[in-house]
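Trainee: Can you keep this structure in mind? I'll have questions shortly.
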Amino acid sequence: MTVLAVKDLSKSFGAVHAVHGVSFSLAAGELLAMIGPNGAGKSTCFNLLNGQLAPDAGAIELDGRSIAGLAPRDIWHLGVGRTFQITATFGSMSVRENVQVALLSHRRRLWSLLPLAARHGCAEADALLARVGMLEQAERPCALLAYGDLKRVELAVALASRPRLLLMDEPTAGMAPAERDALMRLTTALARDENVAVLFTEHDMDVVFTHADRVIVLAGGALIAEGTPQAVRADTRVREIYLGGADD
């Protein structure tokens, strides 16, 4: 089942065509990696999908419904979660409270945040934390966590909206190799078990070629290749532009 369908997506900033005519789709339970050199248009594409930017042209459909140009909060409520390259948690709040705030936001109850946060959704927050392996640290302030643990908390926050689509911007950036593999194995299990479509950007090609089901490659704002990790790795143009030329 197709969860995300993108067709002829374009965005320019003056004379710079950051994203130009990009089309791809993503199925439930699938992990799709978006790769490319710096300036390829990956961040712009993510921001278009997340509602932080409005496209100049093209279509973005979530489960057949157009979401192009909607505000980020509306896209969040429709079931699109996102994690960021630089973790975005509330450092002074506990791990559990960060997830509780996300649950309140998804239920549109932030107007009652202060009186309700301490007791709202504790069991559900703990279930999400258990899912990402962070329940034992539920009461610790996020400011005291190791970076890899912060990534797990951010994933639990993203899952609070029960997403159909999860956007992960360089999920393993700043992590040790063992942490990278553990996080991506967790993400794969979430995608398979809960039928979540996952789109992620990543500069670590070991992560991409080990964990992605398919790969799309951007360069100069355009889609230049799409296919299995093996096919993309062997693509001559991709190797010349991004993977370093001829043989590894």
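Trainee: Would you confirm, using the coordinates I've provided, whether Leu26 is closer than 24 Å to Glu194 by Cα, crowded, with 19+ Cβ neighbours inside 10 Å and either outside the structural domain of Met168 (by TED's automatic domain parsing) or among the hydrophobic types (A, V, I, L, M, F, W, C) (or both)?
Mentor: Criteria met by Leu26.
Trainee: I'm trying to understand the selection: among the residues of the stretch 176-197, which are touching a strand residue (DSSP E or B) at 6+ places or on another chain (Cβ under 7 Å), farther than 28 Å from Ser12 by Cβ and surrounded by 22 or more Cβ atoms within 10 Å (Cβ to Cβ)?
Mentor: Thr187, Val196
Trainee: Would you be able to tell me the number of residues in the stretch 210-232 that are crowded, with 17+ Cβ neighbours inside 10 Å and more than 21 Å from Ala5 (Cα to Cα)?
Mentor: Number satisfying all stated conditions: 1.
Trainee: May I ask you to list the residues in the stretch 77-101 that are of a type outside the set (S, T, N, Q) and modelled with pLDDT under 90?
Mentor: If the condition is that a residue be of a type outside the set (S, T, N, Q) and modelled with pLDDT under 90, then His77, Phe84, Ile86, Ala88, Phe90, Gly91, Val101 are the ones that fit.
Trainee: Considering only residues that are under 12 Å from Ala33 (Cβ atoms) and either in a strand (DSSP E or B) or free of Cβ contacts under 8 Å to residues at least 12 places away in the same chain (or both), which ones fall in the stretch 180-200?
Mentor: Passing the criteria: Val198, Leu199, Phe200.
Trainee: Let me ask you something else. Among the residues of the stretch 120-140, are any at pLDDT below 90, hydrophobic (A, V, I, L, M, F, W, C) and part of a loop (DSSP other than H, G, I, E, B)?
Mentor: Scanning the stretch 120-140, I find no residue that is at pLDDT below 90, hydrophobic (A, V, I, L, M, F, W, C) and part of a loop (DSSP other than H, G, I, E, B), so the answer is no.
Trainee: Are any residues in the stretch 10-33 under 17 Å from Ser43 (Cβ atoms) and touching a helix residue (DSSP H, G or I) at 6+ places or on another chain (Cβ under 6 Å), and if so, which ones?
Mentor: Hits for the stretch 10-33 are Lys11, Ala18, Val19, Ala33.
Trainee: A further question follows. Given the criteria surrounded by 14 or more Cβ atoms within 10 Å (Cβ to Cβ) and within 27 Å of Arg185 (Cα to Cα), does Gly36 qualify?
Mentor: In short, yes.
Trainee: Separate question: If we scan the stretch 201-221, do we find a residue that is over 13 Å from the mean Cα position of the chain (by Cα), under 25 Å from Ala130 (Cβ atoms) and assigned to a helix (DSSP H, G or I)?
Mentor: yes
Trainee: A follow-up question, please. For the list (1) touching a Leu at 6+ places or on another chain (Cβ under 9 Å); (2) within 21 Å of Arg152 (Cβ to Cβ), I need the number of the one condition that Met93 fails.
Mentor: (1)
Trainee: Can you tell which of Arg152, Arg140 is more than 26 Å from Arg73 (Cβ to Cβ) and in contact (Cβ under 8 Å) with a residue 24 or more places away in the chain?
Mentor: Just one listed residue meets the conditions, Arg140.
Trainee: Sticking with this one: If you scan the stretch 196-238, which residues turn out to be basic (Lys, Arg) and within 22 Å of Gly21 (Cα to Cα)?
Mentor: Residues satisfying the conditions are Arg214, Arg237.
Trainee: If a residue has to be among the small types (Gly, Ala, Ser) and either under 14 Å from the mean Cα position of the chain (by Cα) or surrounded by 17 or more Cβ atoms within 10 Å (Cβ to Cβ) (or both) to count, how many in the stretch 166-175 make the cut?
Mentor: Summing the residues that are among the small types (Gly, Ala, Ser) and either under 14 Å from the mean Cα position of the chain (by Cα) or surrounded by 17 or more Cβ atoms within 10 Å (Cβ to Cβ) (or both) in the stretch 166-175 gives 1.
Trainee: Looking at (1) of a type outside the set (Val, Ile, Thr); (2) assigned by TED's automatic domain parsing to the domain that holds Glu194; (3) at pLDDT 95 or above, which one does Asp74 not meet, given that it meets all the others?
Mentor: All conditions are met except number (3).
Trainee: State all residues of the stretch 1-47 that are of a type in the set (S, T, N, Q) and not in a strand (DSSP E or B); if no residue qualifies, say none.
Mentor: Those that are of a type in the set (S, T, N, Q) and not in a strand (DSSP E or B): Asn38, Ser43, Thr44, Asn47.
The values are calculated or read from the model by the stated rules, or taken from the named source; none is laboratory data. Because the structure is a prediction, the values reported are computed rather than measured. With ideal geometry, Cβ positions are generated from the backbone for all residues, glycine too; neighbour counts draw on all protein chains shown.
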